[in-house]
Structures are given as C-alpha cells and as structure tokens.
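Read the structure below first, then the notes.
The values are calculated or read from the model by the stated rules, or taken from the named source; none is laboratory data. These numbers were taken from a predicted model, which means no experiment stands behind them. Here the Cβ positions follow ideal geometry from the backbone for every residue, glycine too, while neighbour counts run over all protein chains shown. We work out accessible area using only protein heavy atoms, side chains counted, and drop any ligands, DNA or RNA first. Shrake-Rupley method; radii C 1.70, N 1.55, O 1.52, S 1.80 Å.
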Amino acid sequence: LKAKADPARGMTVKDRVCFLYEKQYCELDLFRSPPNLALLEVELTEEQDEVKLPDFLAIEWEVTDDPAFKNHALALQAARQ
C-alpha cells in the first residue's frame, strides 16, 4: 500500500482517547500532525438519540459535514507542514 500512497499528502499523527459520556462512546483525537487540532467523535446507540457533548471539553464548532476536517483533507494539510 505504501507504493500507492499519494505523494501530495502527508501523514496524520494523532493520539486517541476513548471514553464513555452519558452512555455515549466518545473518541477524542488529539493531533500531532497537523498540530493544534482536536476532534471529538460521538457514537450514538440509536440514530435519533440526542448528542450530549461532554461539559468538560471546550467545543468550538461542529465539523461533521465540513470537508476540511475529513482525513484526506487533513493529510493535505499535514503535507504542507
């Protein structure tokens, strides 16, 4: 697979912290590359369930539908650093 890697993209490097909050499974990704970025993903049991964001995190904005925060876009950003 390494031979098929896109040379225009860099490597994203992150630490992932997994935890439960209000019966929701959460994944907090703390990026080293690109730097100064943290993303929270909340898994719901049922699609219609209400998302309850952890009150101990400073959530700045919703990026679910923002293509700039998809892995392939983050890899382009990492390549520029």
Could you derive backbone 3J(HN,Hα) for the stretch 47-63 from the dihedral phi with the Karplus parameters 6.51, -1.76 and 1.60 (θ = phi - 60°), listing whole Hz in sequence and x where the residue is Gly or Pro? 4, 7, 4, 7, 6, 10, 7, x, 6, 8, 10, 8, 7, 8, 6, 7, 10
Nearest-0.05 FRET efficiency for Glu43 and Leu76, computed from C-beta distance (R0 35 Å): 0.85
Restricting attention to the alpha-carbon atoms of the chain, what are Rg (one decimal) and Dmax (integer), both in Å? 14.7, 43
Taking only protein heavy atoms and a 1.4 Å probe, the highest-to-lowest accessible-area order of Leu76, Leu20, Leu1 is Leu1, Leu20, Leu76
Spatially proximal lysines relative to Lys23 (Cα-Cα < 27 Å; intrachain offsets below 8 disregarded): Lys14, Lys52, Lys70
Which loop chymotrypsin sites (Phe, Trp or Tyr not before Pro) in the chain, with loop taken from DSSP, have no more than 14 other Cβ atoms within 10 angstrom of their Cβ? Phe56, Trp61
Just from its helices, what would the mean residue ellipticity at 222 nm be for the chain, if runs of 4 or more DSSP H residues each count -39500 (n - 2.57) and the sum is divided by every residue, rounded to the nearest 500 deg cm²/dmol? -3000 deg cm²/dmol
Highest-MSF residue in the chain out of Glu43, Glu22, Glu60 [GNM, Cα springs under 10 Å]: Glu60
Kindly state, to the nearest 0.05, the FRET efficiency for Lys23 paired with Glu60, given R0 = 30 Å and r defined as their beta-carbon distance. 0.80
